[in-house]
Amino acid sequence: MLRFAVPFAGALSLAACATTAPAERTVAVTGSIAYRERIALPPTAQIEVRLDDVSLADAPATNMATQSFASEGRQAPFAFTLTVDRADIDPRHSYAVSARITDADGKLMFITDTRNSVTFDSRSVIDLGTLLLVKTH
């Protein structure tokens, strides 16, 4: 009887892996963006949040994921979710999230001015909390 129980238990564990594997292949980087100034955004403001591989100091960052949307009259804070395939993450590399808000003409209004590093580990969701943007002149 035990001879049949062990292979059956192994088959069940494989079946469980098959149903959870797709979710484990991706990692979601979440958070929100805000700014300190008491300034209302125009309804046409555009928000962009990026996850970049920033490993090479002398080369442009490689974009891993982007979320762009119009404010449509809503005001900060704005939530974001950036999803990346775990296979695209190199543990030897450095990753960071940046954000910007522009007006309808593309003029920069707010931007992150500090590095918001992301450390990938076994978690499927990494919450960065609130990223503060600064006003541009």
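The values are calculated or read from the model by the stated rules, or taken from the named source; none is laboratory data. In this text the structure is predicted, and so the values were computed from the model without any measurement. Neighbour counts are summed over all protein chains in view; Cβ atoms, including those assigned to glycine, are modelled from backbone coordinates with ideal geometry. Remember, those area values only see protein heavy atoms, side chains included, never the ligands or the DNA or RNA. Shrake-Rupley method; radii C 1.70, N 1.55, O 1.52, S 1.80 Å.
Among the residues of segment 25-48, what is the count of those that are open to solvent by 50 Å² or more (accessible area, probe 1.4 Å) and either part of a strand (DSSP E or B) or touching a Ser or Thr at 6+ places or on another chain (Cβ under 9 Å) (or both)?
So the count comes out to 5.
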TODO: Would you check which residues across segment 71-94 are among the aliphatic types (A, V, I, L, M), within 18 Å of residue 44 (Cα to Cα) and exposed (fewer than 13 other Cβ atoms within 10 Å of the Cβ) and list them?
DONE: 79
TODO: Go through segment 86-101 residue by residue and tally those that are closer than 30 Å to residue 74 by Cβ and among the β-branched types (Val, Ile, Thr).
DONE: 2
- [ ] Spot the failing condition for residue 67; the list is (1) under 11 Å from the mean Cα position of the chain (by Cα); (2) open to solvent by less than 40 Å² (accessible area, probe 1.4 Å); (3) not basic (Lys, Arg), and only one is missed.
- [x] (2)
Open item on the list: Could you go through segment 125-135 and let me know if any residue there is at pLDDT below 95 and either of a type in the set (Gly, Ala, Ser) or open to solvent by less than 70 Å² (accessible area, probe 1.4 Å) (or both).
Closed with: no
Open item on the list: Taking the conditions exactly as written (open to solvent by 60 Å² or more (accessible area, probe 1.4 Å), at pLDDT below 95 and within 26 Å of residue 25 (Cβ to Cβ)), does residue 122 satisfy them or not?
Closed with: yes
TODO: Go through the residues of segment 49-62 one by one and say whether even a single one is out of contact with any Ser or Thr (no Cβ under 6 Å at 6 or more places or on another chain), open to solvent by less than 30 Å² (accessible area, probe 1.4 Å) and more than 17 Å from residue 28 (Cβ to Cβ).
DONE: no
TODO: Identify all residues within segment 56-76 that are free of Cβ contacts under 8 Å to residues at least 24 places away in the same chain, closer than 13 Å to residue 96 by Cβ and part of a strand (DSSP E or B); write none if there are none.
DONE: 62, 63
- [ ] Could you grab me the full set of residues in segment 97-110 that are open to solvent by less than 10 Å² (accessible area, probe 1.4 Å) and either free of Cβ contacts under 8 Å to residues at least 24 places away in the same chain or among the small types (Gly, Ala, Ser) (or both)?
- [x] 99
- [ ] Determine if segment 5-16 includes at least one residue that is modelled with pLDDT of 80 or more and either under 19 Å from residue 134 (Cα atoms) or open to solvent by less than 70 Å² (accessible area, probe 1.4 Å) (or both).
- [x] no
Open item on the list: If I filter segment 80-96 for residues that are free of Cβ contacts under 8 Å to residues at least 24 places away in the same chain and over 12 Å from residue 29 (Cβ atoms), do I get at least one hit?
Closed with: no
